[in-house]
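Q: My structure is below; once you've seen it, I'll send some questions.
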Protein chains: 2
Amino acid sequence: MQSGADSSNGTTLRRHGSLTATVHTQLEAMILRGDIAPGERLNEQFLSSQLGVSRGPVREAARLLEQDGLVTSVANQGAFVRQLSLEDALELYDLRATIAGYACSCLATRATESDLTELRALVQKMQDCIDSDEEETYFRLNLLFHDRIAVLSGASRTARIYSALDKQVRLLRRRVLRGDESMRFSNEEHREILAAIESGDAGRAREAAEKHHINGKRRWINTL
Amino acid sequence: MQSGADSSNGTTLRRHGSLTATVHTQLEAMILRGDIAPGERLNEQFLSSQLGVSRGPVREAARLLEQDGLVTSVANQGAFVRQLSLEDALELYDLRATIAGYACSCLATRATESDLTELRALVQKMQDCIDSDEEETYFRLNLLFHDRIAVLSGASRTARIYSALDKQVRLLRRRVLRGDESMRFSNEEHREILAAIESGDAGRAREAAEKHHINGKRRWINTL
DNA sequence: AGTCATCTGGTTGTTGACAATCTGACAACA
DNA sequence: TGTTGTCAGATTGTCAACAACCAGATGACT
């Protein structure tokens, strides 16, 4: 719950100039954090007063969130935080796997030594988390690992779409506790992805990434 | 009632649709038609007076177009019709190929007889266009064929993304004259895609679709 | 009692005005 | 002559008020 105007981030986030961008970021965080539950409506007036802006930027931010797939808006009724059906979830996982596969295949053909160093470090950090049983940090690093792959692939649209899909996935498993075994298997797959990228074999990288994501899907299904 | 949401693709001029939606459709058409050239700015004031609305809906529509990838907006400077670099174009083709491959693999596992009938009819019509040398119509049917596959695949996000990528591609080859030979090869590939879907073999469908799109990419490159 | 029309409060849709910012040009100056 | 400061115009960013619209409640009528 944000009291009053700012207080959220100490420094006023005015740098981008556009309030819309700020509001977009804030609302996205609220939704991903679960402050606004799936199915709930984004009340423009309430949110605008909460964030200390007028309804204009809130409306524009809502449009952005709709394109991000985080909310659906109904004419004359407003924007609602998306509630994903099981079918939606399954498609989401598969599609994300496909996109990730493409990103990895791109990266395999262009990764610099610096890129590889960065990814290796992430895998190592994740291993440390497993050893010291820090699930929360592992979860964060895991997101970062895949995000970095998408970005480093140089395919900007691909990275953007992957990021959007990732947020939608987080919509349905906000608090995922993978468990020790899952983390171990998962990071093993990360190693395979990394090895495939290092080898420069685009096809192998693609398959490794797809398999990893599909396994993630299966792990999620098993938690139902 | 299922109002709003998405995907009644193309002209969704509902009786009372919001102005934002109308403006979005109009601007999209203008851009795709080339009325507003790549690199050109979308002047909010001019467009709003041109379309007989205020700047609000125009601004919101511009946000939508940005998410569609048709324009890029700069803070305090406005929205500009996107100018695609060669790299952009190459990624676009590859990514679209990947997405199309996924859509086809989905459709292969769920296509109804009615779906197949529709697609067969489209392929036949395209053949007629080739025989009577109607490139313009062939071009339109070609777009429709791939769009229908995406929609019939049942993967709504996938269809949406494919549609967006498709519009971006059209941004860089508004007037493509494929030539007789190209059309013939292209439709032959359509047949192969259709056959793969009919066979129910997801992997084969995926490969056929990917190959078709990659060949399309090559055909485009050859025109440079 | 049940069905339908109407009313009302609240919310979104739209607008025109005002503030902040950028672009380009002109003029002052070293 | 080349650089820099300043200004005017245009354009985007934001706001608060008004209009259109929907959902639910109330009440009349059969």
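Q: Has region B:172-186 got any residue that is buried (at least 17 other Cβ atoms within 10 Å of the Cβ), in a helix (DSSP H, G or I), at pLDDT 90 or above and in contact with a helix residue (DSSP H, G or I) (Cβ under 6 Å, 6 or more places away or on another chain)?
A: The answer is no; no qualifying residue exists.
Q: A:SER163 passes all but one of (1) over 13 Å from A:ALA103 (Cα atoms); (2) open to solvent by 10 Å² or more (accessible area, probe 1.4 Å); (3) among the hydroxyl-bearing types (Ser, Thr, Tyr); which number fails?
A: The number of the failed condition is (1).
Q: To continue, here is another question. Against the definition (of a type in the set (Asp, Glu), more than 25 Å from A:LEU65 (Cα to Cα) and within 16 Å of DNA strand C (Cβ to nearest atom)), how does B:GLU40 come out, yes or no?
A: yes
Q: Mind listing whichever residues of region B:53-96 are aromatic (Phe, Trp, Tyr) and in contact with a helix residue (DSSP H, G or I) (Cβ under 8 Å, 6 or more places away or on another chain)?
A: Hit for region B:53-96 is B:TYR93, nothing else.
Q: Assuming A:SER156 fulfils every condition listed in (1) polar (S, T, N, Q); (2) in contact (Cβ under 8 Å) with a residue 12 or more places away in the chain; (3) within 14 Å of another protein chain (Cβ to nearest Cβ) apart from one, which condition is it?
A: Of the numbered conditions (1) polar (S, T, N, Q); (2) in contact (Cβ under 8 Å) with a residue 12 or more places away in the chain; (3) within 14 Å of another protein chain (Cβ to nearest Cβ), the odd one out for A:SER156 is (2).
Q: Can you tell me which residues in region A:58-91 are on the phi > 0 side of the Ramachandran plot and within 16 Å of DNA strand D (Cβ to nearest atom)?
A: A:ASN76, A:GLY78
Q: Now, a different point. Has region A:83-91 got any residue that is touching a strand residue (DSSP E or B) at 6+ places or on another chain (Cβ under 6 Å) and at the interface with chain B (Cβ under 8 Å from one of its Cβ atoms)?
A: There is no residue in region A:83-91 that is touching a strand residue (DSSP E or B) at 6+ places or on another chain (Cβ under 6 Å) and at the interface with chain B (Cβ under 8 Å from one of its Cβ atoms).
Each row is one residue, and each column tells you yes or no for (1) in contact with a Lys or Arg (Cβ under 9 Å, 6 or more places away or on another chain); (2) of a type in the set (Ser, Thr, Tyr); (3) within 28 Å of B:GLU87 (Cα to Cα).
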{"residue": "B:ILE99", "(1), (2), (3)": "no, no, yes"}
{"residue": "B:LEU116", "(1), (2), (3)": "no, no, no"}
{"residue": "B:SER132", "(1), (2), (3)": "no, yes, no"}
{"residue": "B:PHE139", "(1), (2), (3)": "yes, no, yes"}
{"residue": "B:SER182", "(1), (2), (3)": "yes, yes, yes"}
{"residue": "B:HIS190", "(1), (2), (3)": "no, no, yes"}
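Q: Okay, moving on. Would you check which residues across region A:187-213 are surrounded by fewer than 17 Cβ atoms within 10 Å (Cβ to Cβ) and either closer than 17 Å to B:TYR102 by Cβ or not assigned by TED's automatic domain parsing to the domain that holds A:ILE99 (or both) and list them?
A: A:GLY203, A:LYS211
The values are calculated or read from the model by the stated rules, or taken from the named source; none is laboratory data. Model, not experiment: these values are computed from the prediction. Glycine gets a Cβ as well: all are built from the backbone with ideal geometry, and neighbour counts include every protein chain shown. Ligands, DNA and RNA are excluded from the accessible area calculation, which covers all protein heavy atoms including side chains. Shrake-Rupley method; radii C 1.70, N 1.55, O 1.52, S 1.80 Å.
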